[in-house]
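Since the structure comes first, as structure tokens, the remarks are kept for the end.
The values are calculated or read from the model by the stated rules, or taken from the named source; none is laboratory data. The structure presented is a predicted model; accordingly, all values stated were derived computationally and were not measured. Glycine also receives a Cβ, built like all others from the backbone with ideal geometry; neighbour counts cover every protein chain displayed. Calculation scope for accessible area: heavy atoms of the full protein, side chains included, ligands and nucleic acids excluded. Shrake-Rupley method; radii C 1.70, N 1.55, O 1.52, S 1.80 Å.
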Amino acid sequence: MYLITFTSSLLCISAYSRSKNIKHKMFFISLGILIPSLLAGFRDYSIGYDVLLYGKPWFERACEYDSLYLFLQNANEYNIGIGYAFVNYIISRLSNNPHFFLFMYELLQLVILYFAIKPFEDKINITFAFFIYYFSYYNLSLNILRQIMAILIIFLSYRFVLNKGSVTTNG
């Protein structure tokens with residue numbers, strides 16, 4: 001199933017890279033990111049160690065809270081992480097289904113990956129970058145929910161490190 005998912009996603013991302021039409025590009029990249037996100041959402045809860053440890057329980061807890069502030073306060077007391085808890089809470093406002101949470105969380109990760117790679121598309125092939133991610137990190141993303149998101153956010157912030165010389169301040 002993974003090979004079919006990765007191959008179909010990579011074919012869509014490749015079509016994105018080759019297309020000149022902006023609507024076609026958006027369609028292909030959206031589809032390419034959506035396919036592996038669906039697999040993450042439809043998976044059994046036993047796939048991914050952290051899913052049963054804190055992923056599903058904290059999402060279900062987020063569904064029970066009416067107050068974001070109180071939920072984040074509770075998450076902070078348990079050292080679950082404010083950012084992770086915030087994402088749980090926001091997704092819990094859309095659906096109370098843990099599979100939907102797993103789908104949305106993977107979708108968010110892949111969108112961050114895309115925006116981290118996009119500024120470098122003149123230096124690195126986006127299809128190849130996703131190929132590396134799928135075969136090296138996708139399975140990890142199913143296992144270490146918070147840590148892989150942190151890695152992707154650091155990867156996304158790298159472009160700001162590279163552009164630090166172009167930032168100007170007044171004063």
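Results, tabulated for the structure shown:
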quantity	calculated
Test result for S19, touching a helix residue (DSSP H, G or I) at 6+ places or on another chain (Cβ under 7 Å), farther than 24 Å from L140 by Cβ, among the polar types (S, T, N, Q) and surrounded by 13 or more Cβ atoms within 10 Å (Cβ to Cβ)	yes
Residue count, the stretch 16-28 (criterion: part of a helix (DSSP H, G or I) and either touching a Ser or Thr at 6+ places or on another chain (Cβ under 9 Å) or of a type in the set (D, E, K, R) (or both))	7
Search result, residues across the stretch 40-73 that are farther than 17 Å from R146 by Cα, assigned to a helix (DSSP H, G or I) and either open to solvent by 50 Å² or more (accessible area, probe 1.4 Å) or not hydrophobic (A, V, I, L, M, F, W, C) (or both)	F42, E64, L68, Y69, L70, Q73
Any hit, the stretch 53-71, residues being in contact (Cβ under 8 Å) with a residue 24 or more places away in the chain, under 17 Å from S9 (Cα atoms) and of a type in the set (S, T, Y)	no
Options I117, I132, I126, I112: the member that is closer than 26 Å to M1 by Cα, out of contact with any helix residue (DSSP H, G or I) (no Cβ under 9 Å at 6 or more places or on another chain) and not basic (K, R)	I132
Condition broken by R159, with the remaining ones in (1) in contact (Cβ under 8 Å) with a residue 40 or more places away in the chain; (2) among the basic types (K, R); (3) open to solvent by 70 Å² or more (accessible area, probe 1.4 Å) satisfied	(3)
Cβ-Cβ under 8 Å pairs, at least 6 apart or on other chains, the stretch 31-42 side basic (K, R), far side open to solvent by 10 Å² or more (accessible area, probe 1.4 Å) and not in a helix (DSSP H, G or I)	none
Meets criteria (open to solvent by less than 40 Å² (accessible area, probe 1.4 Å), over 14 Å from the mean Cα position of the chain (by Cα) and more than 23 Å from L152 (Cα to Cα)) for S95	yes
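Every residue, every condition in (1) under 13 Å from the mean Cα position of the chain (by Cα); (2) surrounded by fewer than 16 Cβ atoms within 10 Å (Cβ to Cβ); (3) modelled with pLDDT under 95, yes or no:
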position	(1), (2), (3)
F101	yes, no, no
M104	yes, no, no
L107	yes, no, no
L113	yes, no, no
T127	no, no, no
N139	yes, yes, yes
